[in-house]
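Taking it in order: structure first as structure tokens, then the write-up.
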Amino acid sequence: MRIKDHPILSSQPARTVTFTFEGRTLEGQEGEPIAAALHNAGIKVLRHSPRLNRPRGFFCAIGNCSSCLMVVNGRPNVRVCVTPLSQGMKIEYQEGKGNLDVED
């Protein structure tokens, strides 16, 4: 499912890294958006809407909406469409709106 040859965009070969999603070990390309790695692994639903519990996936893919908010390494409200993947990340679904008072 990964785009390997694009007529306009060029991509540099990236190192394969492992990460966990909901306890499952998956692989992705270092530096690619987390959402792209999840999509490549067959995971299309990134969260459910807080009010109506409807599934959400890629929408804007530039960090402007909230369709891709997930918990990354214990930190809620991470926009995985613009957050680069790195070795050993722990990614989880986010329930509801997440905790907005998390300190850096």
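Compute the signed sum of charges (Lys and Arg +1, Asp and Glu -1) over the other residues within less than 10 Å, Cβ to Cβ, of Thr20.
Charge balance in the 10 Å sphere: 0.
Starting from 0.36 nm per residue, how many nanometres of slack lie between Ile62 and Tyr93 once their C-alpha separation is accounted for?
9.2 nm is the gain from fully extending Ile62 to Tyr93.
Bear in mind these aren't lab numbers, they're just calculated from the coordinates by the rules spelled out. What you see is a predicted model; the values in this text were computed from it and never measured. Reconstructed Cβ throughout: ideal geometry from the backbone, glycine too, with neighbour counts over all protein chains shown.
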